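J.: Shown below is the structure under consideration.
The values are calculated or read from the model by the stated rules, or taken from the named source; none is laboratory data. Quick caveat, the model's predicted, so the values are computed rather than measured. Reconstructed Cβ throughout: ideal geometry from the backbone, glycine too, with neighbour counts over all protein chains shown. Note: accessible area is taken over every heavy atom of the protein model, side chains too, but ligands, DNA and RNA are not part of it. Shrake-Rupley method; radii C 1.70, N 1.55, O 1.52, S 1.80 Å.
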Amino acid sequence: MGKRANPKNDFQTEQKTSDFDLNTDLTDFKKKMTELDTLKIFFDHSVCTYEGYERIEITKHSDSIKVRTEFKELTFNENKNPDWNLVYEKKISEKDTVWQFDKFIERNAQRKTSDDKTRGILIVQNKKDSIQFFTNGLVDLNRFLEDYYLTMRKIYPENKNGIYGYELVEE
C-alpha cells in the first residue's frame, strides 16, 4: 500500500517572518521595517524635580510609517497613577526626510548600553530585542534632551503642552 496524502498539508501556509534586526537596522528603520515589526520606544523626560514619560509606537503600513505617541506627567499631577494621554498620531512616508529619528540614533550611538543597572533614558524595543541609551550626569542629560526635543519637533511642530521643551523668546 502506498502512503496516503495528508489533506492538511494542502492547507498549510508559510509563516511570514521579519528579518528586521534592531541592532543593525534601527538607523534605517523606515525602509527596513516590515508590517510584522513594531518599534516601541520609551523616553524618560525626567530631570531634577520634573517627572514625565513618553511612549511611542512605530508601525509600518505599506510604504508609510505610523507614529503614535502617548505622554504621562507625574510632577504636577495629584493623581498617583495618571493615565497615558495620546499626544499625536502621524503617518509619514517611508521616504520622509523631515523627521530624522534615525540620524538622532546615529548621533547618540555612543550612549547605547546593555548594562541593566544603568538608567535608560531612551529604550527602543522590537519583539524581544532591546537597546538602551543612557546619559552621564545632568549636563549630558540636558544635551541629550535638547537633541531629542529638536528631533521630535520635526514630526510634531505643534508641540502642545511643551512636551518637547519650550523655545526661549528673546525680547
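J.: Heads up, I need the accessible area for Leu26: 1.4 angstrom probe, whole protein in place, Å², nearest 10.
T.: That residue has around 0 Å² of solvent-accessible surface.
J.: Hey, another quick one. How much solvent-accessible surface does Phe71 expose, in Å² to the nearest 10, with a 1.4 Å probe and all protein chains in place?
T.: My reading of the accessible area for Phe71 is about 30 Å².
J.: In terms of the Cα gyration tensor, with a ≥ b ≥ c the square roots of its eigenvalues, is segment 59-171 rounded because a/c is under 1.5, prolate because a/b exceeds b/c, or oblate?
T.: Numbers: a/c = 1.22, a/b = 1.04, b/c = 1.17.
Taking the square roots of the gyration eigenvalues as a ≥ b ≥ c, segment 59-171 is rounded.
J.: Once the other residues with Cβ under 14 Å from the Cβ of Tyr88 are scored (Lys, Arg +1; Asp, Glu -1), what is the net sum?
T.: Net of charged neighbours comes to +3.
J.: Follow-up. Can you tally the net charge around Asn126? Count Lys and Arg as +1, Asp and Glu as -1, for every other residue whose Cβ sits under 12 Å from the Cβ of Asn126.
T.: -1
J.: What order, most packed first, do the peptides 153-166, 28-41 have when packing is the mean number of other Cβ atoms within 10 Å of each residue?
T.: With the highest mean Cβ count within 10 Å placed first, the list reads 28-41, 153-166.
J.: Right, here's the next one. Kindly report, to the nearest 10 Å², the accessible surface of Ser93 as traced by a 1.4 Å probe over protein heavy atoms only.
T.: Approximately 60 Å² for this residue.
J.: Right, something else. Order Glu78, Glu89, Glu51, most accessible first, counting only protein heavy atoms with a 1.4 angstrom probe.
T.: Descending accessible area places them as Glu78, Glu89, Glu51.
J.: May I pose another question? Note down the nm distance, to one decimal, between modelled labels 7 Å out along Cα→Cβ at Lys112 and at Lys31.
T.: 1.8 nm
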